[in-house]
1. For the range 354-380, which residues satisfy the criterion of being under 15 Å from GLY269 (Cα atoms) and small (Gly, Ala, Ser)?
2. Could you please give the count of residues in the range 348-366 that are charged (D, E, K, R), outside any strand (DSSP E or B) and surrounded by 12 or more Cβ atoms within 10 Å (Cβ to Cβ)?
3. If I filter the range 127-179 down to residues being of a type in the set (Asp, Glu) and surrounded by 14 or more Cβ atoms within 10 Å (Cβ to Cβ), which single residue comes out as nearest to LEU80 (Cα to Cα)?
4. Taking interchain pairs and intrachain pairs at least six residues apart, which have beta carbon atoms under 9 angstrom, with the first residue in the range 254-279 and among the basic types (Lys, Arg) and the second open to solvent by less than 20 Å² (accessible area, probe 1.4 Å)?
5. I'd like to verify a number: residues in the range 264-281 that are assigned to a helix (DSSP H, G or I) and of a type outside the set (A, V, I, L, M), how many?
6. Hey, could you check the range 40-84 for residues that are acidic (Asp, Glu) and in a loop (DSSP other than H, G, I, E, B) and say which is least open to solvent (accessible area, probe 1.4 Å)?
7. Whether any residue in the range 85-98 is in contact (Cβ under 8 Å) with a residue 24 or more places away in the chain and either touching an Asp or Glu at 6+ places or on another chain (Cβ under 9 Å) or open to solvent by 60 Å² or more (accessible area, probe 1.4 Å) (or both) is what I want to check.
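The values are calculated or read from the model by the stated rules, or taken from the named source; none is laboratory data. Predicted model, so just to flag it, every value in this text is computed and none were measured. Quick reminder, even Gly has a Cβ in these numbers, built from the backbone with ideal geometry, and neighbours come from all protein chains shown. When the accessible area is computed, the model is the full protein with side chains, heavy atoms only, and any ligands, DNA or RNA have been set aside. Shrake-Rupley method; radii C 1.70, N 1.55, O 1.52, S 1.80 Å.
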Amino acid sequence: MYKPFFLQRLFGSPSSSPGMPSRAAVRSARRAASICHDLLSQRGEVSGALIAREALSAYQSLEGQALEAFFSFLVKEFSLDPEAVGRYADAYRKDPSPGNLVRLQRAVESPRQELFRRLNMAPGGVGVLLEMRRRLLGGLAEHPHWTSIESDLAPLFRSWFNRGFLVLQRIDWRTSALVLEKLIQYEAVHEIQGWHDLRRRLQADRRCYAFFHPTLPDEPVIFIEVALTRGMSAKVQPLLALGSPVVDPASADCAIFYSITNPQEGLRGISFGNLLIKQVAEDLGREFPRLKTFATLSPIPGFRKWLTGGTGLREGDPKHAQLSALLGKLDGQDWFADKARAAEILKQLSRLCAYYLLYAKQDDEPLDPVARFHLGNGARLERLNWLGDISAAGMRRSAGLMVNYVYRLDDVERNHEAYARERRIIASRRFGVLAKDSLLMRGGARRRTLTA
């Protein structure tokens, strides 16, 4: 009988592959898988919770080859039964009765999903399953057969972490030290340089909010840092400066969302529901009625990588030569210090960046992950900012460019619906003008519809 390659590696003869798991690793994985089978066979809630705890403990003891073997057991022994699916599908086609529909629905749900639900009965189950998904995502490239496990975990997390379960809390200096330490550890957009830096980010003209899940009370699911300013900020370094003056927040007319971080790798790709930013903006508006503008100062993390290899230009194309010359200039150290030289680079880069944000796609959504997040939350693509982030990370990610997305509270839900249904990007007219003048649009390049 034919076995897929990964099963040959796992269950074949010891000499069949030098990378095969050791007998000890397979035994440990088999023990954990056997407990999972026991868990699925239980009907009592109390005994099920006890076995769920035992299964999680057995899983958490696995590392390296044993963990790989366990995931392969999950694929081999907890997947759908194709024959049963076909049988119940045939029965439903012949007689589309409610009973046949229920039996078909049960047949097309893999035993893994019910296993994960039962594992969640144990204390700390959600946290362990998050860690499981983190490990799975990290190993998919090498173990593509794990995709079926991930496809069962992802919908459960979408259900468990929908907006209705998340609780918004303000973070300040009185918040528990455990949570504050995690903010320092997790901050992914603009690194927090210790406690003095964190204290500045929590002072009177700053706000920090986090969304928590009831099962993870000390683990922020997403956190948002805000600066209360006069006017819409174009550069992030002044906002991050430890010595920046603390302004009277009551005099601010703009709330700048300058860092939004999802610290849970196990929730990568899981939407927490839309309009999260709107809730924070509404809370700020109640506290500070003078606030008129709610905007982000956002990185453009994929821009420079896209410039280097994702534009689709081929060698020999004159536009490719122009782009290569531009990239060569960006490789020079402190190239932006020469104002005359930087002005010409700015003209080309800003046009290319506008094109990237409007037209570079992943399937039918923007290629840039930050753009996907804000547009999905109902924001308007408003303004490009030259040298908005001159840190090493900012120059590496986007040659220093940053972008403002604006949240107009009366328009947020309409913008969100336009994006969700038609993938329409709501942008200021300036973006369309810049993109039109980019070298990628010249010469009759294909244009997509843009709502301005």
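1. Those that are under 15 Å from GLY269 (Cα atoms) and small (Gly, Ala, Ser): ALA371, GLY376.
2. Adding up the residues that qualify gives 1.
3. The qualifying residue nearest to LEU80 (Cα to Cα) is ASP152.
4. Close Cβ pairs (under 9 Å, with a partner that is open to solvent by less than 20 Å² (accessible area, probe 1.4 Å)) amount to ARG268/ARG133; LYS278/PHE294; LYS278/ASN377; LYS278/GLY378; LYS278/TYR407; LYS278/VAL412.
5. So the answer is 4.
6. ASP81
7. no
Conditions (1) in contact (Cβ under 8 Å) with a residue 40 or more places away in the chain; (2) surrounded by fewer than 15 Cβ atoms within 10 Å (Cβ to Cβ); (3) among the acidic types (Asp, Glu), marked per residue:
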| residue | (1), (2), (3) |
| --- | --- |
| TRP335 | no, no, no |
| ASP338 | no, yes, yes |
| ASP368 | yes, no, yes |
| LEU401 | yes, no, no |
| ALA435 | yes, no, no |
| LEU440 | yes, no, no |
